[in-house]
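Input: a single structure, listed below in structure tokens.
The values are calculated or read from the model by the stated rules, or taken from the named source; none is laboratory data. Please read these numbers as outputs of a predicted model, since none were measured by experiment. Using ideal geometry, Cβ is built from the backbone for each residue, glycine included, and neighbour counts are taken over all protein chains shown. Remember, those area values only see protein heavy atoms, side chains included, never the ligands or the DNA or RNA. Shrake-Rupley method; radii C 1.70, N 1.55, O 1.52, S 1.80 Å.
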Amino acid sequence: MLEYIWLIPFFPMLGAFINGVFGKKWGHGAVNAVACGSIFLSFLVSVGAFIGLMGLDPSHRFHEQVLFTWIQAGSTKIDLGYLIDPLSSVMTLIVTGVGFLIHVYSTGYMHHDKGYTRFFTYLNLFCFAMLTLVLGNSFLVLFVGWEGVGLCSYLLIGFWFDDMAKATAGMKAFVVNRIGDFGFLIAMFMIFQNFGTLNFREVMNSAPNVLLYGGATVTAICLLLFVGATGKSAQIPLYVWLPDAMAGPTPVSALIHAATMVTAGVYMIGRCNIMFSMAPAAMATVATVGALTALFAGSIALVQNDIKKVLAYSTVSQLGYMFLAMGVGAYVAGIFHLMTHAFFKACLFLGSGSVIHGMHDQQDMRHMGNLRKYMPHTYKTFLIATIAIAGIPPLAGFFSKDEILWMAFSRGFKLQWLLGFIAAGVTAFYMFRLVFMTFFGKEKFDHHHVHPHESPASMYVPLYVLAGLSIVGGWVGIPEALGGSNMFHHWLAPVLDSSAAHVAVREAANMVGSGGLGVASAFAGGHEAAAEAGHAAAAGGGHDFTEYLLMFMSVGYALAGILVAVYLYIKRPEIPAKIAASAKGVYTLLYNKYFVDEIYGAVFVGGCVGLANHFWKFWDVVVIDGLVNGVAGAVRTVGSILAKLQNGQVQAYALTIAAGAVALVLLVAAF
């Protein structure tokens, strides 16, 4: 099956083409069959590729397939090809599996929309771009998918383009992502300059020999790649597009913000793990930005009242955890959280869509309450996903989040661990605040105009599947400390762990040879400690009291967050308003998202508009237009003078001839 991996992106592309060209003439049934069938076929091929890889020796679990030579210029040759290995196989299963459920859900959610066919065309096209991104065998093919998902997100976020606010949200996502892409492009230029190729395997295999550990070049490349990741994966300072992206249809939010586009930055760093492991300064930056983003976005989610906005800031926060993991070199833990997050966040987004659908497009939680009575399926699945994201064992979020926090602490990133730890309790609180305001308490909607009801089976059946995955999805990564075998770790080890260990050995050798690199020592020590911990884990021992203590603290803190939410929104619902009134300054700051949008608007948007106005009013109107118009005016003036000589009066012509003759005679006489 490995030789058929090209079919994985091909099927959604074919689905987009068929529905885009012929879909308008068809009914919903045919459009559904093409759209859902194409992504399901991709899922089947992904499963086949996964099984094919399992049959290989761990050190040979990769298959690169070159479709054709894309660019040939002198000695430079770039192929268009795909690479399937344990890392990309996990990503394809997530994208196609969760993507298929979202497609099925969309058949119910978008049933009455006039742009039904166009929606599924875009959705298939988005999946094609994302699968190209994760399967690309080079930076250039990855970048094609990278830009493809950017374009499709613009089309899907601004799907209802006749609403200016929604169209503006799509444009905002597009522009912010282009800022990050600028860094990504420069990084690719530097990689090609240093390696002479953009092929992943060639670059990563030769990186320890071409680049100096901790050197300026590798640090610059990694930081520039991270700039691209901050745009695509919504990290500080380029996170501002993601909350506004809620303007798109809810299935889009689930697809983009749970399983696909926003995880691209995390995946890219995982794919480039060898280079990042050689750049400790860049790694520290990634870890710090990730931890700050986790807490920063979580604090905003505390007071938001729009159900989708809470989930949007939650996504930004959870992505921060993934980058924290990547920054401390715990690549497997980062991808593990990426996978579990795809399950429970897709369930939450689709659940919020079910609520909005049943509440006649109402998204403000202050106008809901007691919806568990009217939407039992949505409530049960939403609650399961909420427990999972809160980090309560034995659900999926506990295992992945706890591993990240443990890795951060054990590798010496104590400050980043503290930020992530605080964010964990914050997550539990704001997610249960959402559940209590929506599904519990008094009914706050107008019964004369709103009649809450459960969604059709096409919408709630995918919710049950995702809720089930939210429970068991983390069991593939149960750590040795809890009696598991961490199968997920072993699966990804050939791609992520062996490379890190290789670099750790090399960096240690470099340090001995150079007398030691200050900034490298802490990180190298972390690698060695991690390697030792990993070896100990593989041997079934080596777990100290600290690991269990941190695990206990993490769960206890999450439970405390839930209990506080119970007290404030179930027992004493009048208290939150009093707290908001007594701490009005803090509440206003959080409610208005630290006024970051306003600051960006005044400084960057306003600055760019002011600069553009200056160029328009002075350089364009005064200088360029003035020069062009001045020349035209001079020509026109001369022409008007000369035109008077061509007035058609014979007397005037005779007078002119006579005057000329006199002038000629005088001139001859003078000389």
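Things worth noting here:
- For region 446-471, a residue qualifies if it is in a helix (DSSP H, G or I) and open to solvent by less than 10 Å² (accessible area, probe 1.4 Å), and the qualifying residues are 459, 462, 463, 466, 467, 470.
Residue by residue, here is whether (1) open to solvent by 60 Å² or more (accessible area, probe 1.4 Å); (2) of a type in the set (A, V, I, L, M, F, W, C) holds:
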| residue | (1), (2) |
| --- | --- |
| 571 | yes, no |
| 591 | yes, no |
| 598 | yes, no |
| 609 | yes, yes |
| 612 | no, yes |
| 624 | yes, yes |
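- Odd one out for residue 238, checked against (1) more than 22 Å from the chain's Cα centre (by Cα); (2) not in a helix (DSSP H, G or I): (1)
- Considering each residue of region 181-204 in turn, at least one proves to be outside any loop (DSSP other than H, G, I, E, B), among the acidic types (Asp, Glu) and surrounded by 17 or more Cβ atoms within 10 Å (Cβ to Cβ).
- Subset of region 351-405 (residues that are of a type in the set (D, E, K, R), on the phi < 0 side of the Ramachandran plot and outside any helix (DSSP H, G or I)): 364
- The residue list 401, 345 contains one member that is closer than 16 Å to residue 233 by Cβ, modelled with pLDDT under 95 and among the charged types (D, E, K, R), which is 345.
- The listed residue being open to solvent by less than 80 Å² (accessible area, probe 1.4 Å) and either polar (S, T, N, Q) or over 30 Å from residue 428 (Cβ atoms) (or both), out of 654, 583: 654
- Subset of region 91-123 [open to solvent by less than 10 Å² (accessible area, probe 1.4 Å), among the aliphatic types (A, V, I, L, M) and assigned to a helix (DSSP H, G or I)]: 91, 94, 95, 98, 102, 123
- Within region 78-97, residues that are among the polar types (S, T, N, Q) sit with their Cβ atoms under 6 Å from residues that are part of a helix (DSSP H, G or I) and open to solvent by 10 Å² or more (accessible area, probe 1.4 Å), at 6+ positions apart or across chains, in these pairs: 89/50; 96/43.
- In region 609-627 there is no residue matching the filter, namely being assigned to a loop (DSSP other than H, G, I, E, B) and free of Cβ contacts under 8 Å to residues at least 12 places away in the same chain.
- Selection status of residue 332, open to solvent by 10 Å² or more (accessible area, probe 1.4 Å), in contact (Cβ under 8 Å) with a residue 24 or more places away in the chain and not acidic (Asp, Glu): no
- Flag for residue 409 being closer than 17 Å to residue 299 by Cα, over 22 Å from the mean Cα position of the chain (by Cα) and open to solvent by 20 Å² or more (accessible area, probe 1.4 Å): no
- Of the residues making up region 149-158, just one is of a type in the set (Gly, Ala, Ser) and more than 13 Å from the chain's Cα centre (by Cα), namely 158.
- Among all positions in region 167-190, there is at least one residue which is touching a residue at least 60 places away in the same chain (Cβ under 8 Å) and of a type in the set (D, E, K, R).
- Residue within region 292-307 that is closer than 23 Å to residue 105 by Cβ and buried (at least 23 other Cβ atoms within 10 Å of the Cβ) present: yes
- Residue match in region 209-224 (condition: within 25 Å of residue 301 (Cα to Cα) and buried (at least 16 other Cβ atoms within 10 Å of the Cβ)): no
- Hey, residue 415 open to solvent by 40 Å² or more (accessible area, probe 1.4 Å), touching a residue at least 60 places away in the same chain (Cβ under 8 Å), over 28 Å from residue 573 (Cβ atoms) and out of contact with any Asp or Glu (no Cβ under 9 Å at 6 or more places or on another chain) or not: yes
- Candidates 285, 263 - the one that is polar (S, T, N, Q) and either within 16 Å of residue 232 (Cα to Cα) or free of Cβ contacts under 8 Å to residues at least 24 places away in the same chain (or both): 263
- Residues of region 164-180 satisfying the condition of being open to solvent by 70 Å² or more (accessible area, probe 1.4 Å) and among the polar types (S, T, N, Q): none
- Looking only at residues in region 436-445 that are among the charged types (D, E, K, R) and either open to solvent by 70 Å² or more (accessible area, probe 1.4 Å) or closer than 15 Å to residue 377 by Cα (or both), the one that is farthest from the chain's Cα centre (by Cα) is 442.
- For residue 359, the conditions (1) in contact with a Ser or Thr (Cβ under 8 Å, 6 or more places away or on another chain); (2) open to solvent by less than 20 Å² (accessible area, probe 1.4 Å); (3) at pLDDT below 95; (4) among the hydrophobic types (A, V, I, L, M, F, W, C) all hold with the exception of (1).
- Restricting 369, 351, 290 to those that are under 19 Å from residue 102 (Cβ atoms) and either more than 20 Å from the chain's Cα centre (by Cα) or modelled with pLDDT of 95 or more (or both) reduces the list to 351.
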